[in-house]
1. Would you say Thr70 is open to solvent by less than 60 Å² (accessible area, probe 1.4 Å), of a type in the set (Ser, Thr, Tyr) and out of contact with any helix residue (DSSP H, G or I) (no Cβ under 7 Å at 6 or more places or on another chain)?
2. Answer with yes or no whether Ile212 is loosely packed, with under 14 Cβ neighbours inside 10 Å and either under 14 Å from Gly91 (Cα atoms) or among the β-branched types (Val, Ile, Thr) (or both).
3. Is it fair to say Ser151 is within 15 Å of the ligand (Cβ to nearest atom) and either surrounded by 17 or more Cβ atoms within 10 Å (Cβ to Cβ) or hydroxyl-bearing (Ser, Thr, Tyr) (or both)?
4. Out of Thr221, Thr235, I need the residue that is surrounded by fewer than 18 Cβ atoms within 10 Å (Cβ to Cβ), out of contact with any Phe, Trp or Tyr (no Cβ under 9 Å at 6 or more places or on another chain) and not acidic (Asp, Glu). Which one?
5. Listed residues His139, His188; which is within 16 Å of the ligand (Cβ to nearest atom), of a type outside the set (Gly, Ala, Ser) and more than 26 Å from Thr66 (Cβ to Cβ)?
6. Pick from region 95-131 the residues that are within 13 Å of the chain's Cα centre (by Cα) and of a type in the set (Val, Ile, Thr): which of them is nearest to Phe162 (Cα to Cα)?
7. Which one is farthest from the chain's Cα centre (by Cα), of the residues in region 161-177 that are part of a loop (DSSP other than H, G, I, E, B) and within 16 Å of the ligand (Cβ to nearest atom)?
8. Might you check whether a residue that is free of Cβ contacts under 8 Å to residues at least 60 places away in the same chain and aromatic (Phe, Trp, Tyr) occurs anywhere in region 105-120?
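The values are calculated or read from the model by the stated rules, or taken from the named source; none is laboratory data. All figures in this text were calculated on a predicted structure; none of them were measured in a lab. Ideal geometry is used to build each Cβ from the backbone, glycine not excepted, and the neighbour counts take in all protein chains shown. The protein model used for the area step is the full one, side chains on, heavy atoms only, and it has no ligands, DNA or RNA in it. Shrake-Rupley method; radii C 1.70, N 1.55, O 1.52, S 1.80 Å.
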Amino acid sequence: MKLKSAFIPIYALVTLSVSVAILPGWAGPADASASVKGTVKFEGVAPKPARIDMSQDPICAKAHPTAATTEDIVVAADGGLANVVIYVSDGLAASTFPPPQQPVVLEQKGCQYKPHVLAMQANQKLSVVNDDGTTHNIHPTPNNNREWNMSQPPGVPLEQTFARAEVAVPVKCNVHPWMKGYIAVFKHPYFAVTDKDGSFELKDLPPGTYTITAWQEKLGTQIQKVTVAAGEAKTLDFAFKQ
Ligand SMILES: [Cu+2]
């Protein structure tokens, strides 16, 4: 008896959700199950990262027993290109996407930004962390957002937001001239940054035809179109060269 009473509501719920999902023109959250994933490659001989001279601040230098290197073009052994921002640049229905409650974290570690390229939603909280024993001065220089410039002693928390979309806001440290990073800001949640292997995935997309843009700080922008049906997983690869 107990089993039966539990079974009926679940069955009814499944029937209801199936019938709602097949209504034409309905594109609610239950439909947002398509995905686009792929790899970004660097074609040709990868440039060698340059060594960074941190001798200006002994605390920074000491954090790197082997010299830190530049991160403007980071290529894996198999050609995978890291730190590429992949995002839906066109095709989303006009809707608003509330920012996630969870803040994104930008660390200053060994006097470098971790991650070097970060992506977030507009009005999502950005938590800037100073893990170093030295004071940093974080200074984003946006085109489409409010500029700010804040000194951050070791261990002191710092929280900020960006109100508008922008790909991507350059970030620098006024104390350590080698410190450079980027923050890409979006009005929607359909973005990713390629990992060290050049892989990315855009998840939970509603069915539709989208323009997907790939942005790399030195190598520019590429655009591809993709159409996904409800629940479909498509592959989309990009290749950049110098
Ligand atoms: Cu700094």
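1. Working: open to solvent by less than 60 Å² (accessible area, probe 1.4 Å): yes; of a type in the set (Ser, Thr, Tyr): yes; out of contact with any helix residue (DSSP H, G or I) (no Cβ under 7 Å at 6 or more places or on another chain): yes.
Considered against the rule, which asks whether it is open to solvent by less than 60 Å² (accessible area, probe 1.4 Å), of a type in the set (Ser, Thr, Tyr) and out of contact with any helix residue (DSSP H, G or I) (no Cβ under 7 Å at 6 or more places or on another chain), Thr70 comes out as yes.
2. Criteria not met by Ile212.
3. yes
4. Matching residue, one of Thr221, Thr235: Thr235.
5. Working: His188 fails: within 16 Å of the ligand (Cβ to nearest atom).
Result of the check over His139, His188: His139.
6. Taking the candidates together, the pick is Val104.
7. So, considering only residues that are part of a loop (DSSP other than H, G, I, E, B) and within 16 Å of the ligand (Cβ to nearest atom), the one farthest from the chain's Cα centre (by Cα) is Val175.
8. Taking region 105-120 first, the residues free of Cβ contacts under 8 Å to residues at least 60 places away in the same chain are 105, 107, 109-110, 114.
So of that shortlist, the ones also aromatic (Phe, Trp, Tyr) come out as none.
Within region 105-120, none of the residues are free of Cβ contacts under 8 Å to residues at least 60 places away in the same chain and aromatic (Phe, Trp, Tyr).
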